[in-house]
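Shown next, in structure tokens, is the structure this report addresses.
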Amino acid sequence: MKSISKLATVTILFLFVTISTFAQSSKYKCMLQMANYTGEGAYIVVSLIDAKGTYEKTLYVMGDDKKWYNSLKEWHKFQTKKPSNLSAITGASVTGGDRSITTFEIENAKINNGYKLRFESAVEDQKYHVTDVELPLTTEALAAKTDGKGYIRYVRFSKL
């Protein structure tokens, strides 16, 4: 009877450690500096992209008016196929020259495993950038400044 009790305790402890390891995530502060451009505020979506280049999860949306989400064309295709509740991860759009600071929660298991972070941007009546910023989800990339190609001048992360 004692051995069954010990076995049950060890099994429960093992399951607890295994589950907590898979569920662990870290918070990162993201500072986004916009380029100086003229026009309306940019709508920007930050997505987790898997190793095959497929959208896996929306991390944050800058711009809270849903009628403009279709201007983020590639992300909008994903969002309409796999709708998710965006209310907790949505903030204001960002205008030219402004800075935005947000916090993302990223699963530790995704880091250094072929994933990417993609920043997609669109401004009303202007060009759409499907990969304004795209960086590999590695510890090195998260510690460095990454330049944008469109409305975003650069992004920088710091682990909280």
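Determine whether SER26 is in contact (Cβ under 8 Å) with a residue 24 or more places away in the chain, hydroxyl-bearing (Ser, Thr, Tyr), crowded, with 17+ Cβ neighbours inside 10 Å and assigned to a strand (DSSP E or B). Taking the combined requirement at face value, the residue does not satisfy it.
Pairing residues of segment 130-147 that are within 18 Å of LEU160 (Cβ to Cβ) with residues that are modelled with pLDDT of 95 or more and aromatic (Phe, Trp, Tyr), at Cβ distances under 8 Å and at least 6 apart in sequence or on separate chains, gives LEU137/TYR115; LEU142/TYR28; LEU142/PHE157; ALA143/PHE157; LYS145/TYR154. Each residue in segment 43-102 was checked for being exposed (fewer than 15 other Cβ atoms within 10 Å of the Cβ), touching a strand residue (DSSP E or B) at 6+ places or on another chain (Cβ under 8 Å) and among the aliphatic types (A, V, I, L, M), and 2 of them qualify. Listed by first and then second residue, the pairs with beta-carbon distance under 9 Å, at least 6 apart or on different chains, first residue in segment 84-98 and under 19 Å from GLY39 (Cβ atoms), second charged (D, E, K, R) and surrounded by 15 or more Cβ atoms within 10 Å (Cβ to Cβ), are SER93/GLU40; THR95/GLU40; GLY97/ARG153. The number of residues in segment 140-149 that are surrounded by 15 or more Cβ atoms within 10 Å (Cβ to Cβ) and outside any strand (DSSP E or B) comes to 3.
From the list ALA92, ALA35, ALA88, the lone residue that is among the hydrophobic types (A, V, I, L, M, F, W, C) and closer than 15 Å to VAL155 by Cα is ALA35.
For the residues GLU120, GLU124, GLU74, the requirement of being in contact (Cβ under 8 Å) with a residue 40 or more places away in the chain, closer than 30 Å to THR38 by Cβ and within 14 Å of the chain's Cα centre (by Cα) singles out GLU120. Only one residue in ILE152, ILE111, ILE106 is buried (at least 16 other Cβ atoms within 10 Å of the Cβ) and under 11 Å from ALA42 (Cα atoms). Which one? Answer to the check: ILE152. Restricting attention to segment 68-93, the residues being assigned to a helix (DSSP H, G or I), farther than 15 Å from ASP132 by Cα and at pLDDT 90 or above number 6.
The values are calculated or read from the model by the stated rules, or taken from the named source; none is laboratory data. As the structure is a prediction and not an experimental result, all values here were calculated from the model. For neighbour counting, all protein chains shown are included, and Cβ atoms are generated from backbone atoms with ideal geometry for every residue, glycine included.
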